[in-house]
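J.: One structure follows; several queries about it will come next.
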Amino acid sequence: MSLLGILSYFSLVVQICFVTVSIAAGLYYLAELVEEYTVLAKRIITWMVVGSVALYGLFIFTENFSWAMVLCGLGAQAMHAAILKNFPYVRFLSPSFLGALILLLVNHYLAFIYFQHQYHAFTEVMAYFTLCLWLVPFALFVSLSANDNILPTSNERTPLLSDNDVVTNYFSSRKKLGLLSLFNYAKESLLPERNKKSF
């Protein structure tokens, strides 16, 4: 093997690192935007759901997809719309979230079976997976961190002036599980912290 061949493997590793860092930076930026503009994020994700439903409607007339595949995709979009009713709050054990997760897995299985038996160009397969299967769940995944900084507005059981009021209880007992929290943890644990000089 020549030196250029060895360098090509090394450059491939460097390129993968650059792509990974770029994707992580982009996800971090998107998560911050969703936290800042939750109403706009909900509107955009709603339009993504409507667009996916429209695509499935067009597939009925233009493609030879099985009815199970189309109905499973429409059902997943209905579950995504149900998740958006309480946006930015997402409960992981709610029936709509669990249903969306199950339908996502079933729809992947049906799509793999269909594209295994019916030839389509790779770009067509990727178009289906990207626009119909991955776009809305990815947007919901990025928006999971949006409810980390949303304060509860009322609590009818305890008065606000007691020792365990809503805001104190919310911040002290809640572990944040979101994309932005994951990136902040990675930043704090992996990157060295710079000390600011005070003069």
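The values are calculated or read from the model by the stated rules, or taken from the named source; none is laboratory data. Note that the coordinates shown come from a computational prediction; the quantities given were computed from them, not determined experimentally. Positions of Cβ are backbone-derived with ideal geometry, glycine not excepted, and every protein chain shown enters the neighbour counts. Calculation scope for accessible area: heavy atoms of the full protein, side chains included, ligands and nucleic acids excluded. Shrake-Rupley method; radii C 1.70, N 1.55, O 1.52, S 1.80 Å.
J.: Pull up the stretch 1-43, narrow it to residues that are of a type outside the set (A, V, I, L, M) and touching a residue at least 24 places away in the same chain (Cβ under 8 Å), then point me to the one that is farthest from Glu188 (Cα to Cα).
T.: Checked the stretch 1-43; the qualifying residue farthest from Glu188 (Cα to Cα) is Lys42.
J.: Further, regarding this structure: Taking the criterion of being in contact with a Gly (Cβ under 7 Å, 6 or more places away or on another chain), of a type outside the set (Gly, Ala, Ser) and closer than 22 Å to Ala41 by Cβ, would at least one residue in the stretch 59-82 satisfy it?
T.: Yes, because at least one residue in the stretch 59-82 is in contact with a Gly (Cβ under 7 Å, 6 or more places away or on another chain), of a type outside the set (Gly, Ala, Ser) and closer than 22 Å to Ala41 by Cβ.
J.: So, in the stretch 25-70, exactly how many residues are at pLDDT 80 or above, among the β-branched types (Val, Ile, Thr) and in contact with a Ser or Thr (Cβ under 8 Å, 6 or more places away or on another chain)?
T.: The qualifying residues number 1.
J.: Next up: Being part of a helix (DSSP H, G or I), out of contact with any helix residue (DSSP H, G or I) (no Cβ under 6 Å at 6 or more places or on another chain), open to solvent by 60 Å² or more (accessible area, probe 1.4 Å) and under 14 Å from Pro137 (Cα atoms): is that true of Val13 here?
T.: When the stated conditions are applied, Val13 does not pass them.
J.: Scan the stretch 138-146 and tell me whether some residue there is at pLDDT below 80, out of contact with any Leu (no Cβ under 7 Å at 6 or more places or on another chain) and within 22 Å of Thr38 (Cα to Cα).
T.: yes
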